[in-house]
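Structure first, then comments.
The values are calculated or read from the model by the stated rules, or taken from the named source; none is laboratory data. Treat the numbers as computed from the prediction; the structure is a model and nothing was measured. Glycine gets a Cβ as well: all are built from the backbone with ideal geometry, and neighbour counts include every protein chain shown. Calculation scope for accessible area: heavy atoms of the full protein, side chains included, ligands and nucleic acids excluded. Shrake-Rupley method; radii C 1.70, N 1.55, O 1.52, S 1.80 Å.
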Amino acid sequence: MIQNVLVLGGGSAGFIAAISIKRKIPQLRVTVVRSPAIGVIGVGESTTPNFPRHLFDYLGISRKRFYALAQPTWKLGIRFLWGSRGSFDYTFNLQLDSHYGDLDKPTGYYCDDDFNDASLPGALMRRDLAFPRQADGSPEIHGWHAFHIENKKFIEILEIVAKEEGVEVTDGKVTGSERGPSGIEAVHLEDGRRLTADLFVDASGFRSELLGKALEEPFISFDKSLFCSKAVIGGWERGPDEPILPYTTAETMDAGWAWRIDHEHLINRGYVYCPEFISDDEAAAEFQRKNPKAKVEPRIVNFRSGHYRRQWVDNVVAFGNSGGFVEPLESTAIMILCAHVQTLVDFLLHSSLEPTPTMRNLYNDLTYSSWEDIRHFLSLHYKFNGMLDTPFWKHAREDTDVSGIADFIEFYQENGPTGFCRYRMPRTESDFGLEGFLVMMVGNQVPYKKRHQPSQRELETWARHKQQFAREATKGIRCEEALAYVKHPGWRWNGDPAN
Ligand SMILES: Cc1cc2nc3c(=O)[nH]c(=O)nc-3n(C[C@H](O)[C@H](O)[C@H](O)COP(=O)(O)OP(=O)(O)OC[C@H]3O[C@@H](n4cnc5c(N)ncnc54)[C@H](O)[C@@H]3O)c2cc1C
C-alpha cells in the first residue's frame with residue numbers, strides 16, 4: 001500500500017501535484033525534493049478555466065488569499081491575430097457551438113464575416129473589458145475566465161500552501177536512482193542522502209529524471225503536426241497608457257507566432273518559432289522589431305512537443321513538462337496537469353492506495369488520448385492559418401499532419417459549423433470541446449459546401465442578439481477597476497474560507 005510519496009521537482013507541476021495529493025489523501029506522507037541550483041523553467045503564465053476550478057473548487061484554496069499573494073490578472077480567452085480574416089476572438093464560453101431558438105441554424109452559420117459580439121464574454125473581450133458590471137458598480141465575476149499569472153510568483157505561493165498542508169519540502173539535487181521490483185526503489189541526492197518512497201512523482205521538468213531517464217519510457221513526438229521548438233522571450237513594464245488586456249494575444253509571426261500576456265505591472269511576450277525556417281538571431285530581431293519596448297531575454301527556450309508514451313510506469317507518475325509538453329499556443333500545460341492530477345487522485349482513492357496494473361493501463365490510455373486531443377486541436381491552428389505566405393506558413397498549411405482528425409475536417413467541409421460535428425471529434429477531455437474546434441474552423445474561414453443563405457428576418461434577429469450583448473458589454477468593467485474591487489479589504493468572495 002502506498003504510504004510515502006516523493007515528488008521530484010518544485011515547479012508548478014511538482015507543487016500542484018503535491019498539494020493535490022496531500023489535500024485529497026491526507027494520510028499520505030508527501031515530500032517535495034527540488035534543486036535550487038537547477039531552478040524552475042520560469043515560463044508558463046497563461047491558463048485555462050480548469051485552473052481556477054482546480055485551485056478554488058477542487059483544492060478549496062481561498063480566493064482572497066490567492067489574489068493577494070499571486071496577483072493574477074484575468075484571461076477571458078485568446079485574441080488570434082490569425083487567418084485570412086486577420087483577427088478573431090476565442091472565449092471560454094460558447095460563441096459558435098450555440099443555437100438560438102429564434103434562428104434557423106446554429107450560430108456559426110451567421111459568422112462568415114465576423115463573430116464579434118457573438119456572446120457576452122466575446123463582446124466584453126472585444127472592448128478590452130473583463131466582466132459585466134453589477135448594479136452597485138462592482139464586477140460580476142463569472143466562471144468563464146482563466147488567469148494570467150507570473151510563473152515564479154505562482155510557485156512561491158504554491159510552496160507556502162504546500163507547507164501549510166503538511167507537505168515536506170527539501171532542497172537537493174537528484175543524481176541517480178535505484179531500481180527495485182516495483183520500479184524505483186530510491187533516489188540518490190548529491191549531498192549523499194538516499195530517499196525512498198512507495199510512489200515517485202516525476203515533476204522534474206524537461207529533464208524527466210525518472211520517467212524519461214531512469215525508466216527510459218519512449219517519447220512520442222508531435223513533430224509531424226507541430227513544427228515549432230524554440231522561443232525567444234521578453235517584456236516590458238506596463239506604461240500608464242497601456243490598459244491590462246483581459247486575454248492572451250496570439251499573433252502570427254514569420255516563422256511561428258508570438259504571445260502577449262498582460263500581468264498587472266508587466267507585459268510579457270514570447271515568439272515561438274521553427275528553427276528550420278528562421279535562425280535564433282533573426283527570430284530575436286523580428287521579435288524586437290515588432291516589440292520595440294521589449295527587453296529581450298538573452299536565453300532561448302528550447303522545447304519539443306510530444307509526450308512519453310505512458311505517464312505512469314511501475315511506481316513512477318510524471319506530471320508537467322517531465323511527462324510531456326505541447327507548444328504553448330493554447331496554454332495547455334497547466335490545464336493538462338490539473339486534469340491528470342485529479343485523475344491520479346481518483347485512481348489512488350478507488351484502488352485504496354493499491355493500484356492494480358489494469359488501473360495503471362487505464363490511466364495511461366486516458367492521459368494518452370488527452371495529449372492526442374491537444375495535438376489535434378493545435379494542428380488545426382497551423383493547417384488553416386492563411387494570414388501569411390512566408391515559407392514557414394506555406395509549409396504549415398501544406399504539411400501539418402491532421403490525419404488524426406481527418407473525419408472531423410471532412411465532416412466540417414461538407415456540412416459547416418453544425419453541432420453534429422461533435423460526433424466526428426476525437427474523444428475529448430479538454431476545456432476546448434467543439435467550441436474550440438469551431439472557432440478555429442470558422443475563425444480561419446475554412447470553406448464548407450453546405451452554405452446557408454440567411455433570410456432578412458434571420459439577419460435582423462442575429463443582429464439583435466449581437467446588439468444586446470454589445471449593450472451589456474459596453475457597461476462592463478476594465479481589469480484595473482475590477483482588480484481594485486477584489487483587492488479591497490471589504491471585498492467578499494462567496495463561500496471563501498478567508499472571508
Ligand atoms: C515557451 C514556453 C511557454 C509556455 N507557456 C505556458 C503557458 O502559457 N501556460 C502553461 O500552462 N504552460 C506553459 N508552458 C509550460 C510551463 O513550462 C509549465 O506549465 C510549467 O511551468 C510546469 O513546469 P514544471 O514544473 O513541469 O517544470 P519546471 O518549472 O522546470 O520545474 C522542474 C523542477 O524540477 C526540479 N529538478 C529537475 N531536475 C532535478 C534534479 N535532478 N534534482 C532535483 N530537482 C530537480 C527543478 O529544480 C524544478 O524545481 C510553457 C512552456 C514553454 C517552454
Toward the positive end of the charge dipole of segment 35-120, about the Cα centre and with charges on Cβ (Lys, Arg +1; Asp, Glu -1), which of PHE80, SER98, PHE56 goes farthest? PHE56
Taking Cα atoms, how many degrees apart are the long axis of helix 456-474 and the longest axis of the chain, rounded to 10 and kept between 0 and 90? 50 degrees
Tally Lys and Arg at +1 and Asp and Glu at -1 over the other residues with C-beta under 13 Å from the C-beta of LYS153: what net charge comes out? -4
Taking every other residue with Cβ under 9 Å from the Cβ of ALA498 and scoring Lys and Arg +1, Asp and Glu -1, one gets +2
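Filter the trypsin sites (Lys or Arg not before Pro) in segment 1-46 down to the DSSP loop ones having no more than 11 other Cβ atoms within 10 Å, then list what survives. Before the final figure, lay out the partial values.
Values: sites: LYS22, ARG23, LYS24, ARG29, ARG34; in loops: none.
When the trypsin sites (Lys or Arg not before Pro) of segment 1-46 are filtered for loop state and at most 11 Cβ neighbours within 10 Å, nothing remains.
Between the DSSP loop rule and a limit of at most 15 other Cβ atoms within 10 Å, which GluC sites (Glu not before Pro) in segment 154-235 are left?
Working: sites: GLU156, GLU159, GLU164, GLU165, GLU168, GLU178, GLU185, GLU190, GLU209, GLU216; in loops: GLU190, GLU216.
Passing sites in segment 154-235 are GLU190, GLU216.
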Order by accessible surface, 1.4 Å probe, largest leading, for residues ASP407, ASP431 comes to ASP407, ASP431
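Tell me the volume per residue, in Å³, of the convex hull enclosing the alpha carbons of the chain. Numbers along the way, then the final one.
Values: hull volume 76.8 nm³, N = 499.
Output value, Cα hull per residue: 154 Å³.
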Could you check the simple spin-label distance between LYS153 and ILE38, using points 7 Å along Cα→Cβ, in nm with one decimal? 2.7 nm
Rounded to the nearest 20 debye, what is the charge dipole size of segment 230-302 about its Cα centre when +1 sits on each Lys and Arg Cβ and -1 on each Asp and Glu Cβ? 100 debye
If ligands, DNA and RNA are left out, what is the accessible area of TRP371 with a 1.4 Å probe, given in Å² to the nearest 10? 10 Å²
So if I take the centroid of the Cα atoms in segment 356-413 and the same for segment 250-328, what is the distance between those two points in Å? 18 Å
Sparsely packed chymotrypsin sites (Phe, Trp or Tyr not before Pro) within segment 97-135, loop by DSSP, other Cβ within 10 Å at most 15: TYR100
Note: GLU140 to SER369 extended length (0.36 nm per residue) minus current alpha-carbon separation gives 78.9 nm
Could you report the accessible area of VAL169 in Å², rounded to 10, computed with a 1.4 Å probe on the protein chains as they sit in the structure? 40 Å²
If you take the charge dipole of the chain about its Cα centre, with +1 on Lys and Arg Cβ and -1 on Asp and Glu Cβ, which of ILE141, SER369, HIS488 is farthest toward its positive end? HIS488
Kirkwood Rh over alpha-carbon pairs of segment 221-263, then Stokes-Einstein at 20 °C and 1.002 mPa s: what D in µm² s⁻¹, rounded to an integer? 168 µm²/s
In degrees between 0 and 90, to the nearest 10, how far off the longest principal axis of the chain does helix 280-290 point, with axes built from Cα atoms? 40 degrees
Between segment 96-153 and segment 38-60, what is the separation of their alpha carbon centroids in Å? 22 Å
Give the dimensionless ratio obtained when the Cα radius of gyration of segment 1-139 is divided by 2.2 N^0.38 Å. 1.45
Going by amide H atoms built from the backbone, whose H comes under 5 Å of the H on MET253, apart from near neighbours? ALA258
Distance in nm between pseudo-label sites at THR196 and PHE219 (7 Å out along the Cβ direction from Cα): 3.3 nm
What's the angle, to the nearest 10 degrees (0 to 90), between helix 12-24's Cα axis and the longest principal axis of the chain? 70 degrees
Got a sec? What order do LEU388, LEU348, LEU69 fall in by accessible area at 1.4 Å, biggest, i.e. largest, first? LEU69, LEU388, LEU348
